[in-house]
1. Could you work out the relative contact order of the chain? I mean the mean sequence separation of Cα pairs under 8 Å and 6+ apart, divided by the number of residues, in percent.
2. Under 1.5 on a/c is rounded, so check that first for the stretch 192-248, then, if it is not, pick prolate when a/b is larger than b/c and oblate when it is not; a ≥ b ≥ c are the square roots of the alpha carbon gyration tensor eigenvalues.
3. Report the charge-dipole magnitude of the stretch 1-50 in Debye, nearest 20, computed about the Cα centre from +1 at each Lys and Arg Cβ and -1 at each Asp and Glu Cβ.
4. Over what distance in Å are the Cα centres of the stretch 4-50 and the stretch 154-192 separated?
5. Could you check how much of the accessible area of the stretch 112-251 is carbon and sulfur, as a whole percent, using a 1.4 Å probe?
6. In degrees from 0 to 90, rounded to the nearest 10, what is the angle of the helix 373-420 Cα long axis to the longest principal axis of the chain?
7. Given points 7 Å out from each Cα along the Cα-Cβ axis, report the Ala26 to Lys69 separation in nanometres with one decimal.
8. Please go through the residue pairs Lys301/Lys376; Lys340/Lys364; Lys216/Lys281 and name each one whose alpha carbons sit more than 20 Å apart in this structure.
Amino acid sequence: MTQEVHEPTDITPDKDGGVIKQILRAGEGNESPVPGDNVSVHYVGTLDDGTQFDSSRDRDEHFKFDLGKGSVIKAWDLGIATMKKGELAKFTCKPKYAYGEAGSLPKIPPNATLIFEVELVSWKGEDLSLKNDGSIIRHITTKGKGWKNPNEGALVKVHYVGRHGENVFEDREVEFTVGDAVISNVIEGLDIAVKRMKEGEKCRLDIKPSMAYGSKGNPDLGVPPDAELVYDVELLSFENAKESWEMEPHEKLEQSIIAKTKGTKFFKEGNYKVALKYYDKCQKNLEFETTLKGEDEEKRKEVIVQAHLNMAMCHLKMEQYVKVRDHCNKALDLDDKCVKAYFRRGQAYYAGNDFDLARKDFEKACELEPDNKAAKNQVKICEQKIKQFDKKEKAKYQGMFEKFAAEDSKKSDGEKGADSK
C-alpha cells in the first residue's frame, strides 16, 4: 500500500512562510492538542545543511512540555497544535519562529533556519486541581480574551453541558458566585476550574468523582456513584469581587460574618467540607487586619475565634483529630480562657487515646466554667480510662516479670545442676 503524499503547507497565521509543515505519516483520529495540554513528542533537529544538533530519539526519552505557554520556540507551539496522535511531520522553521538573530550557541548559529522531524506521541490536559491529583483536567477548545480571570467571590455566568459517557445529564446556563457554587447546585470541580478561565473561553473538563458527586452520585440527574464526568463549559461573562486588600476594615468584618453564617448553614446540613471552606474564608478575611480599634478589634478577635472553633467542630465530625487540635490551639492563642477550645481539644485527645492530656483540658474547662456538667462528666470518663489503662499495663508488666523470673529460676537450677556434676 502506497503512503499518501502530503504537500508542504504554511501554518503561520500571517502566511509569511515562517513555518512550513509536511506530514510524513498521518496520525489517528481528528483531535489535536490545545493550549495548556502537556504534550509528549519525539524529535530530531537539524540545521538546513543537514547537521544534527539535537535528538530525543538518541536519548531514547520523550520530550514533554506545556503547549502554548512559550516554553518552546514559537514554531513548535504553532506546529504541534496542528498534529494528530501518532503523526510524524517535518517543520521547516525560519529564524523568526526559532532562535532569531541570536541563535543558541554553540549548536545553533545566528539567523539559522531549522528543520525538525517531530512525532506526536501523546498529550494530556492541564491539571487544574488544587492538589495536582488529576481530579480536574482542562482541554481548551476556544481561547478566551484578555488576561483577567474570575476571583473568589466573582459573579460568573456560564453555560455548560454535563455528560457521563453518552448520557447528557445537564445542559444549562447559570449565574453563581465563585466559592458559593454549591448554593447554585454547581459541582466543586467547576467552581475551581472557572477561576482559571478567561471570558469567552470554551473548554472541556474531565472531572473525577471527588470533585463531582462522589460515592453517592446524583440520582436526580442520573449520575451513578463514583462517576467520572465530562463538562463542556463556556465562560460567558464575569464581574470580579473586591479582593480582601481592596476592602475597608469594616467591609472585611461584614464579609467574614456573612461567610460564618453560610458556613453554619452547611454545618447544620451535615455538609462539613463546604462549611469548612466558609469558616476558613471567615478567618482569612480578618487574620492580618491590624487597623481595627476598640469594640471592632474585639469583634474581629471574637469572629476569628468562632471560626477556628467551628472548623474544629467540623474536623471532629470528620474524625480529623490533629486538625481539631490545631484550630483549638489557634483559638486559644487569641483567647486563653475559651472553654469550648479546651473542651474540643480534649475531645480530640480522647479520640486519640491520649487520656491524660484530654483530662487536663476537661479539667481546665471545669476550672473556667465550674457548672459545666459535660466537662465534669468527661473528666470522670478520662479517669476511668486511665485506671483501666494502668491496670492493663500493671497486669502486662506483672506477667512479664513473672515470666522473666521463671526463666531466671530455670537458668539458675540448670547452672546448679551443672556445678554438682
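1. Values: 769 pairs, mean separation 37.0, N = 421.
This gives 9 percent for the chain.
2. Numbers: a/c = 3.09, a/b = 1.86, b/c = 1.66.
Prolate shape, in that a/c is at least 1.5 and a/b is the bigger ratio.
3. Numbers: 3 positive and 10 negative charges, 24 e Å.
The dipole magnitude comes to about 120 debye.
4. If we compute the Cα centre of each part, the gap is 36 Å.
5. Working: 3360 of 7060 Å².
Accessible surface attributable to carbon and sulfur in the stretch 112-251 totals 48 percent.
6. 80 degrees
7. According to this spin-label approximation, the distance is 3.3 nm.
8. On the way: Lys301/Lys376 28 Å; Lys340/Lys364 11 Å; Lys216/Lys281 27 Å.
Violating the 20 Å Cα-Cα cut-off are Lys301/Lys376; Lys216/Lys281.
The values are calculated or read from the model by the stated rules, or taken from the named source; none is laboratory data. Note that this is a predicted model, so its numbers are computed, not measured. With ideal geometry, Cβ positions are generated from the backbone for all residues, glycine too; neighbour counts draw on all protein chains shown. We work out accessible area using only protein heavy atoms, side chains counted, and drop any ligands, DNA or RNA first. Shrake-Rupley method; radii C 1.70, N 1.55, O 1.52, S 1.80 Å.
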